Amino acid sequence: MNNKERFFASLTLKEVDRVSVACPLQTGTVEQMEETNAFWPEAHYDPQQMAKLAL
């Protein structure tokens, strides 16, 4: 099962091979990006930068 299949299966309450993790509602403000020095769209490709924005 790939990530996309796992994610959509979990949304429809189907059995999955492991927990799917997603943050589809994560938003960052300009002030937050400046404070953490993590900016879009680069942060979408860097898990450490995205984690900074999520905290």
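The values are calculated or read from the model by the stated rules, or taken from the named source; none is laboratory data. A quick note: this is a predicted structure, and the numbers were derived from the prediction, not measured. Using ideal geometry, Cβ is built from the backbone for each residue, glycine included, and neighbour counts are taken over all protein chains shown.
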Task: Cβ pairs under 9 Å, 6+ apart, first in the range 8-23 and closer than 26 Å to Lys52 by Cα, second part of a helix (DSSP H, G or I) and among the aliphatic types (A, V, I, L, M) - done: Ser20/Ala9; Ser20/Leu11; Cys23/Met50; Cys23/Ala54
Open item on the list: Where the second residue is polar (S, T, N, Q) and the first is without any contact (Cβ under 8 Å) to a residue 24 or more places away in the chain and lies in the range 30-55, which pairs have Cβ atoms under 6 Å and are six or more apart or on separate chains?
Closed with: Ala38/Gln49; Ala43/Gln49; Lys52/Thr36
Open item on the list: Can you pull out every residue in the range 17-29 that is modelled with pLDDT under 85 and either over 25 Å from Arg6 (Cβ atoms) or not hydroxyl-bearing (Ser, Thr, Tyr) (or both)?
Closed with: Val21, Ala22, Cys23, Pro24, Leu25, Gln26, Gly28, Thr29
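Taking the conditions exactly as written (touching a helix residue (DSSP H, G or I) at 6+ places or on another chain (Cβ under 6 Å), of a type in the set (A, V, I, L, M, F, W, C), surrounded by 10 or more Cβ atoms within 10 Å (Cβ to Cβ) and not in a helix (DSSP H, G or I)), does Ala38 satisfy them or not?
Working: touching a helix residue (DSSP H, G or I) at 6+ places or on another chain (Cβ under 6 Å): yes; of a type in the set (A, V, I, L, M, F, W, C): yes; surrounded by 10 or more Cβ atoms within 10 Å (Cβ to Cβ): yes; not in a helix (DSSP H, G or I): yes.
Yes, satisfied.
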